[in-house]
Amino acid sequence: MKLASLKAGRDGQLVVVSRDLTRAADASAVAPTLREALDDWAAAEPRLQEIANSLEAGRIAHLSFDPKKCASPLPRSFGWADGSAYVNHVALVRKSRGVEVPATFWTDPLMYRGASDEFIGPCDPIRAGDTAWGIDLEAEVAVVVTDVPQGAKPADTASAIKLLMLVNDVSLRNLIPGELNKGFGFLQSKGQTAFSPVAVTPDELGPAFDGKKVLLPLLSQINGKPFGWPNAGVDMTFDFPTLIAHAVKTRPLMGGAIVGSGTVSNRDADGGPGKPVPEGVGYSCIAEIRTVETILHGAPKTPFLNFGDRVRIEMNDAQGRSIFGAIDQEVVRA
């Protein structure tokens, strides 16, 4: 089942989307918004599945599906926690600064609590006040959960995963060091987060989702040119049940909370830093290619995003069909 929120009010209008992403059916008879559906997912899910089945069979009224009319599947959420599950990414960034990775980074996930009061739509622009901020994409995968109690262990959290999405967790790289030096985490150095046009139930991924990881390449383009296709299931040090358990160590998560994987990153086949496409699988953020350039050549050469640049993030199934639709954003001056 695939779900989306058309732009309407603060929380959007819930629709069920066909598997081929061409048609959508109104789901307001079940719940006006996805947030409300998640409040009682046990009751809403089978009714939404009925709509999905009718849509696939052509038995229900529908409209053409246009991602440009979409808000985020959850235009706002009660929680957004983003991990850094691919320690390869963290290790590269630290190595470029000549800093070793603490041993605990391989056993204790990094995670920050992001702003969740207003996500932007998959085709909404990335707004920034100055290119000197170091505007960067971060292509990720995220899960949406139902209620998860405090102290739940990874073995207990997998069943809470009800939906999956793609993410562009925009970072303003040149603002990050100053904020982190204050010792109090991100705020100004994170732009508004965008999610894929649709959120999908785990069964839509079939064997590509094993309940813990998504075993497919995550495709990124900048200005129409391939930038990365690392596999989201490879080099993921902390899987989603582990990330969720980390998030609930000291407090619960409420239904509709979102947990992100962090920037998808693969090592090269020889175990070294990844290579740019087409020699390698590329990257999911510009910061990573810049760190590789620094390690190999002493200085970065790839610029961060500029006004007018366009970013596209997508994931295809084994037959080459888009699963979530594409995040497709232009960088504009705020």
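Residue check: is residue 51 part of a helix (DSSP H, G or I) and more than 25 Å from residue 261 (Cα to Cα)? Judged against the criteria, residue 51 is a match.
Taking every residue in segment 257-285 that is closer than 30 Å to residue 157 by Cβ and pairing it with any residue that is surrounded by fewer than 17 Cβ atoms within 10 Å (Cβ to Cβ) and among the aromatic types (Phe, Trp, Tyr), at least 6 positions away or on another chain, the pairs with Cβ-Cβ distances below 6 Å are 257/78. Hey, any hits in segment 222-233 for a residue that's closer than 16 Å to residue 142 by Cβ and open to solvent by 10 Å² or more (accessible area, probe 1.4 Å)? Checked segment 222-233: at least one residue is closer than 16 Å to residue 142 by Cβ and open to solvent by 10 Å² or more (accessible area, probe 1.4 Å). Number of residues in segment 57-80 that are open to solvent by less than 20 Å² (accessible area, probe 1.4 Å) and in contact with an Asp or Glu (Cβ under 7 Å, 6 or more places away or on another chain) equals 1.
Residues in segment 278-301 that are part of a loop (DSSP other than H, G, I, E, B) and open to solvent by less than 30 Å² (accessible area, probe 1.4 Å): 280, 283, 284, 285.
Results for (1) within 30 Å of residue 274 (Cα to Cα); (2) open to solvent by 60 Å² or more (accessible area, probe 1.4 Å); (3) in contact with a Leu (Cβ under 8 Å, 6 or more places away or on another chain), shown as yes or no for each residue.
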residue	(1), (2), (3)
12	no, no, yes
16	no, no, yes
31	no, no, yes
55	no, no, no
82	yes, no, no
90	yes, no, yes
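Among the residues of segment 83-92, is any farther than 22 Å from residue 6 by Cα, touching a strand residue (DSSP E or B) at 6+ places or on another chain (Cβ under 6 Å), in contact (Cβ under 8 Å) with a residue 12 or more places away in the chain and outside any loop (DSSP other than H, G, I, E, B)? Talk me through it step by step, then tell me what you get.
Our first condition is that a residue be farther than 22 Å from residue 6 by Cα; within segment 83-92, this holds for 83-92.
From what is left, the residues that are touching a strand residue (DSSP E or B) at 6+ places or on another chain (Cβ under 6 Å) are 83.
Pick out the ones that are also in contact (Cβ under 8 Å) with a residue 12 or more places away in the chain and you get 83.
Checking the rest, the ones that are also outside any loop (DSSP other than H, G, I, E, B) come to 83.
Yes - at least one qualifying residue is present in segment 83-92.
Hey, among 284, 322, which residue is of a type outside the set (Phe, Trp, Tyr), farther than 30 Å from residue 151 by Cβ and touching a Pro at 6+ places or on another chain (Cβ under 8 Å)? Within the list 284, 322, the selection yields 284. Restricted to segment 1-10, and to residues there that are among the aliphatic types (A, V, I, L, M) and over 16 Å from residue 57 (Cβ atoms), the residue that is most open to solvent (accessible area, probe 1.4 Å) is 8.
The values are calculated or read from the model by the stated rules, or taken from the named source; none is laboratory data. These figures come from a predicted structure and were not determined experimentally. A quick note on method: Cβ atoms are made from the backbone with ideal geometry, for glycine too, and the neighbour counts reach across all protein chains shown. Just so you know, the surface numbers come from the protein's heavy atoms only, side chains and all, with ligands and any DNA or RNA stripped out. Shrake-Rupley method; radii C 1.70, N 1.55, O 1.52, S 1.80 Å.
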